[in-house]
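Below: one structure, written as structure tokens.
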Amino acid sequence: MAFALGALLAGPIGAVTAGGDGAPVGDQVAQLRAEEARRDNAQIVDLTAQARKVQQSLVPVLDGLAASVPTAGASPGPPATRTAVTGWQTATSAAVEGFADPPSAGTGVNIARSGLAAAVRALDLAVDTYAAALAAPDVSRSSLLELAGRQRDVAVATWSTAATQLDVLNIDAGHGHAHVFLPAVPGQGALTADGAPEGK
């Protein structure tokens with residue numbers, strides 16, 4: 001009876017302290033964490049490169065919208081040409097598509113990527129709203145232009161939050177600062193770069 005009881009007690013202890021391959025569970029957990037850290041580190045590099053590329057493609061869109069739909073309630077500027085708007089739609093659609101099939105990652109990376117994806121979707125919607133405003137009758141055009149401006153501001157603010165998260169991820173991973181912020185103006189509620197040198 002004593003032997004049987006001892007065997008029962010020893011069984012669960014062995015199951016807790018050793019994995020299926022005989023390695024201690026603590027070592028397996030440490031190995032999994034190390035693998036996750038390597039995966040996330042690689043994805044931080046990839047996501048930062050993607051964000052920089054998207055940032056460059058969206059700056060002309062924001063510059064064009066800023067001229068046509070100023071912030072802080074200013075009166076709309078001259079309307080953009082249909083060719084220009086089509087170019088904006090091409091840029092924002094490509095950005096949305098680039099974030100459409102995200103790989104699996106840790107929470108921090110997922111938050112940054114999801115924020116960037118939400119931002120480009122909002123900007124894509126702002127451009128579509130602006131295009132609708134150009135085609136709308138005069139009576140409804142001003143309200144659509146105002147809506148496009150608000151959507152644009154949400155996009156910039158959302159991107160800035162995600163860019164801040166990406167900056168923190170790069171610092172924690174040992175890559176130094178990575179500033180991929182979109183141009184922002186007072187009133188958009190956007191975070192901005194902290195002034196630290198890139199990569200430092």
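The values are calculated or read from the model by the stated rules, or taken from the named source; none is laboratory data. Just so it is clear, the structure is predicted and the values come from calculations on it, not from any experiment. Cβ: placed from backbone, ideal geometry, glycine included. Neighbour counts: every protein chain shown. To get the accessible areas, we keep the full protein, side chains included, count just its heavy atoms, and leave off ligands, DNA and RNA. Shrake-Rupley method; radii C 1.70, N 1.55, O 1.52, S 1.80 Å.
About the centre of its Cα atoms, segment 65-187 shows a dipole size close to 180 debye [charges on the beta carbon of Lys, Arg (+1) and Asp, Glu (-1) only; nearest 20 debye].
Taken over segment 82-167, the convex hull of the Cα atoms encloses 79 Å³ per residue. Computed with a 1.4 Å probe over protein heavy atoms only, the accessible surface of segment 42-131 comes to 47 Å² per residue.
For Glu97, the accessible surface of its heavy atoms amounts to roughly 130 Å² (probe 1.4 Å, protein chains only, rounded to the nearest 10). Among 104-111, 126-133, sorting by the average number of other beta carbon atoms lying within 10 angstrom of each residue, highest first, gives 126-133, 104-111. Averaging the Cα positions of each part gives two centres, and for segment 107-142 and segment 38-69 these lie 15 Å apart.
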